1. Let me check against my output: what whole-number percent is the relative contact order of the chain, with C-alpha pairs under 8 Å and at least 6 apart?
2. Angle check, please: helix 8-29 long axis (alpha carbons) against the longest principal axis of the chain (alpha carbons), in degrees 0 to 90, nearest 10.
3. Within the set of other residues whose C-beta is less than 14 Å from the C-beta of Tyr16, count the net charge using Lys and Arg as +1 and Asp and Glu as -1.
4. Over 18 Å apart: what share of the alpha carbon pairs of region 1-52 falls there, rounded to a whole percent?
5. Could you give the nm distance between label points at Ile11 and Leu52, where each point is 7 Å from its Cα heading toward the beta carbon?
6. How large a share of the accessible area of region 1-53, in percent, is made up of carbon and sulfur atoms when the probe is 1.4 Å and the other protein chains stay in place?
7. Between helix 36-56 and the chain, what is the angle of the helix's C-alpha long axis to the longest principal axis, kept within 0 to 90° and rounded to the nearest 10?
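The values are calculated or read from the model by the stated rules, or taken from the named source; none is laboratory data. The structure displayed is predicted, hence computed values, not measured ones. Reconstructed Cβ throughout: ideal geometry from the backbone, glycine too, with neighbour counts over all protein chains shown. Just so you know, the surface numbers come from the protein's heavy atoms only, side chains and all, with ligands and any DNA or RNA stripped out. Shrake-Rupley method; radii C 1.70, N 1.55, O 1.52, S 1.80 Å.
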Amino acid sequence: MLGFLVTQSEIKELHYLLKREMEEILFDIQDSRIDQVVKQALEERYRILFKLFIRIASPNECKKYIFPKKITYKKY
């Protein structure tokens, strides 16, 4: 296990960056122009970011970013 020390201002910055990145991934996953393989990679990345987010955010805030179990990808 690895660990590192961060200041309160660094935690706020991490919090902001993780939220922003997760929101962008959720937006991209619903884009019909993106290939299925790319969406699966985005989903994997989202899960990793969410695990980091859990460590610095409150439980109420984490509930907002729980990844939906099943997302149907629109195919055109």
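1. Answer for the chain is 38 percent.
2. Helix 8-29 and the main axis of the chain meet at about 10 degrees.
3. Summing Lys and Arg as +1 and Asp and Glu as -1 gives -3.
4. Here the tail beyond 18 Å accounts for 43 percent of pairs.
5. 1.7 nm
6. Carbon and sulfur: 58 percent of the exposed surface of region 1-53.
7. 20 degrees
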